[in-house]
Structures are given as structure tokens and as C-alpha cells.
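Heads up, the thing below is written out as C-alpha cells.
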Amino acid sequence: PEEDTLKNADYAEVSRLMQERELVMKAGSGKVGQALLERGHHIRIDREKSLVARAARTRQVISVGDTSREPDFMPNPLLPETRSEIAVPLFIGDNVLGVLDVQDSRANRFTQSDLDVFSTLAGQIATALQNASLFEEIQRTTERLREVDRLKSEFLANMSHELRTPLNSIIGYTEIMLMGIDTRLDAETLEDVQAIYDNGQHLLRLINDVLDLAKIEAGRLELVFEDLEVGALVEEACNGTAGLLVNK
């Protein structure tokens, strides 16, 4: 019934309130509606000579039976014969989402029954607008998350590369010291250098694990299953954390 009532009118459009400042047309009937959409038709909410803007500002249904006697009527060059107009605000709770505007070339065209029908239809349109807005927000959030994820992976890859370069140098020098190529080390110093070497290797593995995160997300990580000597793992963990226990 609501659709039939709209079809009997000469023109109908739905405008969306954007940032509480401007009513932007989102849908319109017939060739006039298509032309206005292509032009990006919009109205500032503070515009005085506009029944649509007044409906959004006052949050009330505006019904005019004879536009020639209405000072706030804003003529549309594409609808020169408009004589009746109804502007119905679109509500969700206390929030105005936009306005349903219906126009006709006959004076006193709309009855109270039409007003009731348009008010019911306005509620349905408001729900559809809110759902569309939520969907658009979900899409924007998804895009932002994808960009954040891309930047994170890029950062981890760059960071890991920059860390590995000096770390490999440290490991290389400690290997030379452990081999005694440059000089012979006493037992106590040798033990300290061995700890530096072991912890360097441990840090290198951690950095490689960070790089593996990017491989996991890209679905390119290959798992290799093998037996593990638990005792050696415990000893490695003890050696790696021994420095933390000093003076504790």
C-alpha cells in the first residue's frame, strides 16, 4: 500500500543527512530523480526556503497543500508544476537520518491517510538507511584493518632484516673468539663469550620466528617435524636466562 501511494504521486525522493549539515539526495523517482542524482543534488539543513530542510530541522512532518502560498517552498526547475508537497523526517530513535519528500502537481493532493502511510514508509526507509550505513562502516573498517595488517607485516619484515644484520656480525665475532683465532681466552672469559654466542643465536631464532609470522599469514610456512632432546632444551633455557638471576 505504501508503494502504491508513492507511485500515484508525481515525484518522490529520499535524502540522507550527512554530518548533521547537509541533506544529500540518495534516491529519486523517474527521469527527474535520475537527473538530480547525476547532479549530486543536496540541500544545507539551515536553508530557510526548503520544506525538506525544515522537516529535518524541526523533526516534524511538513505538509503543504498549495505551494504557491508557502513562503518556505523551494521551486525545483525540473518540477515546475509542483503544487503539493510532503516532507517526512526519517528517524531511528532520536536521530534524524534524512527526509522523505513527495511532490504532486495537484493542489491539496495528500490526505491524512497519505500522511499516515508516508510516516510508516519513512520508518522502513530509516531502517534501510541505518543498515546501509552500518554495512558501509563495516566495509571501511575492514579496509582499514587490511591496511594496518599490511603495514604491520611490512614493519616486521623490515625490522627483522635490520636486526639480523648487526646480530649476525655479533655472532660472527663471538665465533672467532671462541675458536681462539685472534687470542686465547681464559676459562671464565670463554664462558662469558659462549653465553653471548648462545644468546645471540637465541635472539636470531626469535627474529626468524617473527618473520615466520608473515609466512603464516601468507600461507607459505612449511612445518618440519623432528624429535627434540628435552634435556638440551632445558639447558639452553637455563643458560639463556642465567644473566637475569644475577644479584636476585
List nothing, just return the count: lysine pairs in the chain, 8 or more apart or interchain, with Cα separation under 26 Å. 5
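In nm², what is the average projected area of the convex hull enclosing the Cα atoms of the chain? Walk me through the numbers before you get to the answer.
Working: hull surface 102.7 nm².
For the Cα atoms of the chain, the hull's average projected area reads 25.7 nm².
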Sort out for me the Cα centre separation of segment 167-221 from segment 48-125, rounded to whole Å. 76
Each residue of segment 61-75 in order: what ³J(HN,Hα) in whole Hz does its phi give by Karplus 6.51 cos²θ - 1.76 cosθ + 1.60, θ = phi - 60°, with x for Gly and Pro? 6, 10, 10, 10, x, 9, 5, 5, 9, 9, x, 8, 6, 9, x
Once amide H atoms are placed 1.01 Å from N in the peptide plane, what residues at a sequence separation of 5 or more from residue 92, or on another chain, have their amide H within under 5 Å of its amide H? 97
Per residue, in Å², the accessible surface of segment 79-137 once ligands and nucleic acids are set aside, probe 1.4 Å: 47
Taking only DSSP H segments of four or more residues, each worth -39500 (n - 2.57), what value at 222 nm results for the chain once the sum is divided by all its residues, to the nearest 500 deg cm²/dmol? -19000 deg cm²/dmol
Net +/- balance of residues flanking residue 132 in space, Cβ distance below 13 Å, scoring K and R +1, D and E -1: +1
Can you run phi through the Karplus equation (6.51, -1.76, 1.60; θ = phi - 60°) for segment 96-113 and list ³J(HN,Hα) in whole Hz, with x for Gly and Pro? 8, 8, x, 9, 9, 10, 10, 10, 8, 7, 9, 5, 6, 6, 9, 9, 4, 4
Through the Karplus equation 6.51 cos²θ - 1.76 cosθ + 1.60, θ set to phi - 60°, convert the phi angles of segment 201-213 into ³J(HN,Hα) values in whole Hz; use x for Gly and Pro. 4, 5, 5, 5, 5, 4, 5, 5, 5, 4, 5, 5, 4
Subtracting the Cα-Cα distance from 0.36 nm times the residue separation, let me have the gained length for residue 216 to residue 39 in nm, one decimal. 58.9 nm
Residue with peak Gaussian network fluctuation, the chain [Cα springs, cutoff 10 Å], from 61, 88, 193: 193
Given the options 22, 236, 13, which has the most mean-square fluctuation in a GNM of the chain, springs set between C-alpha atoms less than 10 angstrom apart? 236
So, relative contact order of the chain in percent, Cα under 8 Å, 6 or more apart, is 13
Once both label points are put 7 Å beyond Cα along the C-beta direction, the residue 227-residue 187 separation in nm becomes 3.4
With a ≥ b ≥ c the root eigenvalues of the C-alpha gyration tensor of segment 1-120, is it rounded (a/c under 1.5), prolate (a/b larger than b/c) or oblate? rounded
Rounded to the nearest 0.05, FRET efficiency between residue 138 and residue 159 (Cβ-Cβ, R0 30 Å) equals 0.45
Test of understanding: in a Gaussian network model of the chain with alpha carbons linked when under 10 Å, which of 135, 225, 110 would top the mean-square fluctuation ranking? 225
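The values are calculated or read from the model by the stated rules, or taken from the named source; none is laboratory data. All of these numbers come straight from a predicted model, not from anything done at the bench. Glycine gets a Cβ as well: all are built from the backbone with ideal geometry, and neighbour counts include every protein chain shown. SASA here: full protein model, heavy atoms, side chains in, ligands and nucleic acids out. Shrake-Rupley method; radii C 1.70, N 1.55, O 1.52, S 1.80 Å.
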